[in-house]
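Participant: First the structure, then my questions, so here it is.
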C-alpha cells in the first residue's frame, strides 16, 4: 500500500498546474487542522466515463456492443436488413453512423431517433443478468478498432492513478456516466477498482417478472434515465445522498455535475479533460465547447492530455 | 470487534428455528470450503425499514413528519385549513387519517389520493439539503407517540444486531424501503450503521437548478419512484447491480423483494417479521396477509417478535 501523500500515486502525470491543483486540493480537504477539512464519509468524487476515464473515439465502446447486437438481430431476421439502424449495423456502414453524429451536432436529431429506437428494441425482453454476461464477454473479448488494445485496457492510466490516490486519501469514488449503467458494471471493478454499486449511468426501463426460480428483471423497450446534463447531479444525489466535492468530466453534458461539486459551504475541485493529443489518443473539442468556456470563466482545472499526462494508456 | 461467529452478535434473539436458520445460512455462505460459499462482494442483504427495522405503528414515523409540515403550511395560510389533508393535520384529526388507511384496505383509495396530493405539495420547491436538515431535526427532537422513546431509538435491537452480525461476516447491508429515501438518510448511520448511499427508497421527482453557488436540487410536485412491490427488486438491481442473497420484510409489498433474493443459482434467506406482540410492540397482520401465506408456502423464515426476540428495543 502506498502512503496517501506518496508521489507514486500520480506517477503518469507531468508536473504542472493541473497536477499541482489536484495535490493542493486533496491536502486542503484531508489534512488534520486544515480549516477546510472534510470528514472521510463526505469525500465523494464523481467521474464521467466516456472520454474522462476511458477512450470514446472513434465511437463510444458501448456503441460497438450495440451494433454487434443489431447485426446479430439482422442476421437472424432478414426483414431487418433494409431498415436503419439494422441496415448500417449489418453492412458495417460506419458512414451512416458517422452522419448521425454530424447531423446531431448540426441540430438535426432525426437519425438519432432512428438509432435510439433500434437500441431500445435491441435489448427489450432481455434479462439484466444475461445482459451483463453479454457485456462482460464483449468487453473482455473485443479490441479497440484503432488503438488495437483490449477494451478493458482502454482506461487512461493517469485517471486510474488518480482514483487510487483519492481512495488512499479516503475518498469514495463513483462513475457518473451518460453511458449505460449495466454495460459498464462488468468491467469497472477490474479497470478502475470501482464496484458495480458505485456505477451511476443511463438505463432503459426495467420490470420485475416473478417465477418460482427467484424471478427476473427484464429490459422494456422504453427509456428510463438518460444520465446526462442536469440529470447527472440529480442521479448522483439520488444514489449517494451527498454533494460531491470533486467532479471530473470532458463534455458539455458534464457541466451541471461539475457546477454541483463543492457548493456554497465546502471546497470543490472540478476537472475537465481536454483531448488535444492526436499522437497518443485523439484531438477533438466537438461536444465540449461550452464546457471549455465554463472552465475558463469559472477557473476549473483543465487537464490537457498532451501536456499533463506522461503516459496515456497502461 | 466481535468475531463473526460469536454468539454475542444475536444476544437479543431467543434460541429457536428463526435464529437457527439465520446462523445456519450465514455459515453456509461464508465458510471456506462450503459448496455454497458466496464471495464477500456478492453477500448483499436488503432490509425493508418500516415494520422490519423500526416501528411503523400507530402510524409510520415519516407520516408524523409530513403532518407537521402540513400543519405548518396551514398555520401560515388559513385558506388551507378547510382542505384535506391540511385540515386534518392542522386540527390533529387522527380519525380522518385512520379512515384513509381503513378505506385503503377496503379498496377505496380516494382519500389516499387526497393525502398523496397534499404530500407532494408539502415539499415541492424545497432543496434536498434543506429537507434533510428538517428530517434530521424531526428525527432527533421528536418522540414516538405511544412508546415515548425518541424516534432514533425506535429501531428493533435484534435487527440492529442482525445487521452487525452480517457486516461482521462481510455482508453489505442496504435498506430497501417504501418510505421516503431522503427522510431516512439522516438517521440510518446512527441507528443501523448504514450510510446514506446504501439507503434505497421512494422519492418525489427532482430537478437540478444551476446558480453561481453550486446550484441546488429541488423537489417537484410530482412522484418519481414508489419503491414498493415489484418496484423493489428493480430499484435494488439499479442501485446495487447484484441480486441479494438475503432479504427481510414484513408486508405484502415486500413479496417480490423476498422472492428475488437468492435466485436460481445461489442460496437465499428470506425473513418475514411477524408483529404478534401487543405487550412490547404491536399485534397486526393487516397488509401482511399474502406475505404470510407466501412464507408458509415457500418455506420462508417467519420471525415472531413475541417468540424470537428476548428484547425488542435497545
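Participant: Provide Rg over Rh for segment A:155-298; use the alpha carbon set for both Rg and the Kirkwood Rh (inverse mean inverse pair distance).
Facilitator: 1.01
Participant: Specify the angular offset, from 0 to 90 degrees and rounded to the nearest 10, of the alpha carbon long axis of helix B:289-298 from the longest principal axis of the alpha carbons in chain B.
Facilitator: With both axes taken from Cα atoms, the answer is about 20 degrees.
Participant: List B:149, B:306 from most exposed to least, where exposure is judged by having the fewest other Cβ atoms within 10 Å.
Facilitator: Result, fewest neighbours first: B:149, B:306.
Participant: Report, in whole Å, the centroid distance computed from the Cα atoms of segment A:57-82 and segment A:243-258.
Facilitator: Centre-to-centre distance over Cα atoms comes out at 31 Å.
Participant: While we're on this one: Taking a ≥ b ≥ c as the square roots of the eigenvalues of the Cα gyration tensor of segment B:50-117, is the shape rounded (a/c under 1.5), prolate (a/b larger than b/c) or oblate?
Facilitator: The shape class here is oblate.
Participant: List the relative contact order of segment A:168-275 as a percent without decimals, with contacts defined as Cα pairs under 8 Å and 6+ residues apart.
Facilitator: Contact order relative to length: 19 percent.
Participant: Something else about it: Rounded to whole Å and sorted largest first, list the principal axis extents of the Cα atoms in segment A:221-314.
Facilitator: Cα spread of segment A:221-314 along its principal axes, largest to smallest: 42, 40, 28 Å.
Participant: So what is log10(I(q)/I(0)) for segment A:123-222 at q = 0.10, 0.16, 0.22 1/Å, when the Debye sum runs over its Cα atoms only?
Facilitator: Per q value, in the given order, log10 I(q)/I(0) is -0.34, -0.79, -1.18.
Participant: Sorting A:184, A:159 on the 10 Å Cβ count, fewest up front, what's the list?
Facilitator: Going from least to most buried by this count: A:159, A:184.
Participant: Continuing with this model, one more query. With a ≥ b ≥ c taken as the square roots of the eigenvalues of the C-alpha gyration tensor of chain A, please select rounded if a/c is under 1.5 and otherwise prolate if a/b is larger than b/c or oblate if it is not?
Facilitator: Prolate shape, in that a/c is at least 1.5 and a/b is the bigger ratio.
Participant: Here is a follow-up. Mind giving me the FRET efficiency for residue A:93 and residue A:265? R0 is 51 Å, r the Cβ-Cβ distance, nearest 0.05 is fine.
Facilitator: Efficiency, rounded to the nearest 0.05: 0.45.
Participant: Another one. Quick one: compute the contact order of segment A:1-147, relative version, from alpha carbon pairs under 8 angstrom and 6+ residues apart, as a percent.
Facilitator: This gives 14 percent for segment A:1-147.
Participant: To check you understand DSSP bridge types, tell me what percent of the beta bridges within segment B:238-305 (both residues inside) are antiparallel, rounded to 5.
Facilitator: 20
Participant: Which shape class, rounded, prolate or oblate, goes with segment B:11-51 when its Cα gyration tensor gives a ≥ b ≥ c as root eigenvalues, a/c under 1.5 marks rounded, and past that a/b bigger than b/c marks prolate?
Facilitator: oblate
Participant: Further question on the same structure: Could you work out how far apart the two model spin labels at residue B:129 and residue A:112 are, taking each label as a point 7 Å from the Cα in the direction of the beta carbon, and quote it in nm?
Facilitator: Taking the two extended label points, one gets 3.1 nm.
Participant: Let me ask another. Along Cα-to-Cβ, 7 Å out, sits the label point; list in nm, shortest first, how far the one on residue A:265 is from those in the other copies.
Facilitator: Ordered by increasing distance: 4.5 nm.
Participant: Sticking with this structure for a sec: List the residues of segment A:289-310 whose backbone N lies under 19 Å from a point placed 7 Å from the Cα of residue A:11 along the Cα-to-Cβ direction.
Facilitator: Flagged as within label range: A:308-310.
Participant: Note the angle between two axes, namely the Cα long axis of helix B:110-123 and the longest principal axis of the Cα atoms of chain B, as a number of degrees from 0 to 90, rounded to the nearest 10.
Facilitator: So the inclination is approximately 80 degrees.
Participant: Also, quick follow-up: Taking all pairs of distinct Cα atoms, average 1/r, flip it, and tell me the Kirkwood hydrodynamic radius of segment A:75-193 in Å to one decimal place.
Facilitator: It is 17.0 Å.
Participant: A further question follows. With an 8 Å Cα cut-off and a minimum separation of 6 or more residues, compute the relative contact order for chain A in percent.
Facilitator: 22
Participant: Quick one: Debye curve from the C-alpha atoms of the protein assembly as shown, no solvent, what's log10 I(q)/I(0) at q = 0.05, 0.10 Å⁻¹?
Facilitator: Values returned for q = 0.05, 0.10 Å⁻¹ are -0.24, -0.99.
Participant: Whole angstrom only: what separates the Cα centroid of segment A:181-218 from the Cα centroid of segment B:275-303?
Facilitator: Using only Cα atoms, the two centres lie 31 Å from each other.
Participant: Over all pairs of distinct alpha carbons, what does the Kirkwood formula give as the hydrodynamic radius of segment B:1-137, in Å?
Facilitator: 19.1
Participant: In deg cm²/dmol and to the nearest 500, what is the mean residue ellipticity at 222 nm of chain B if only DSSP H runs of at least 4 residues count, each as -39500 (n - 2.57), divided by the residue total?
Facilitator: Helix-only estimate at 222 nm: -12500 deg cm²/dmol.
Participant: Order of A:157, A:67 from fewest to most other C-beta atoms within 10 Å?
Facilitator: The most exposed by this proxy come first: A:157, A:67.
Participant: Rounded to the nearest 5, what % of DSSP beta bridges with both residues in chain B are antiparallel?
Facilitator: 40
Participant: What residue among B:228, B:130, B:48 shows peak mean-square fluctuation when chain B is described by a Gaussian network model with Cα springs under 10 Å?
Facilitator: Maximum among the listed residues: B:130.
Participant: A further question on this structure: Translational diffusion coefficient of segment B:169-245 at 25 °C, 0.890 mPa s, Stokes-Einstein with Kirkwood Rh over Cα pairs, in µm²/s as a whole number.
Facilitator: Rounded, D is 177 µm²/s.
Participant: Just the number, please: percent antiparallel of the DSSP beta bridges in the protein assembly as shown, rounded to the nearest 5.
Facilitator: Of all bridge pairs located within the protein assembly as shown, approximately 40 percent are antiparallel.
Participant: Say a label goes 7 Å from Cα toward Cβ at residue A:170 in every copy; what distances in nm does this one have to the rest, shortest first?
Facilitator: So the label point of residue A:170 gives 2.4 nm to the other copies.
Participant: Test of understanding: in a Gaussian network model of chain A with alpha carbons linked when under 10 Å, which of A:288, A:74, A:135 would top the mean-square fluctuation ranking?
Facilitator: A:74
Participant: On the rotation axis linking copies B and A, which residue of B comes nearest by its Cβ, and by how many whole Å?
Facilitator: B:239, 3
Participant: Considering only the label points, 7 Å along Cα→Cβ from Cα, what distances in nm to one decimal separate residue A:107 from the same position in each other copy, shortest first?
Facilitator: 5.6
Participant: Also: On a C-alpha basis, how far is the centre of segment A:1-49 from the centre of segment A:95-129 in Å? Whole number, if you could?
Facilitator: The two parts, judged by their Cα centres, are 39 Å apart.
Participant: Compute the long axis of helix A:61-76 from its Cα atoms, compare it with the longest principal axis of the Cα atoms of chain A, and write down the angle in degrees, 0 to 90, nearest 10.
Facilitator: Orientation of helix A:61-76: about 10 degrees from the principal axis.
Taken together, the values in this text are just the output of simple stated rules run on the coordinates, not laboratory data. The shown structure was predicted, so the numbers you read here are calculated from the model rather than taken from an experiment. Ideal geometry is used to build each Cβ from the backbone, glycine not excepted, and the neighbour counts take in all protein chains shown.
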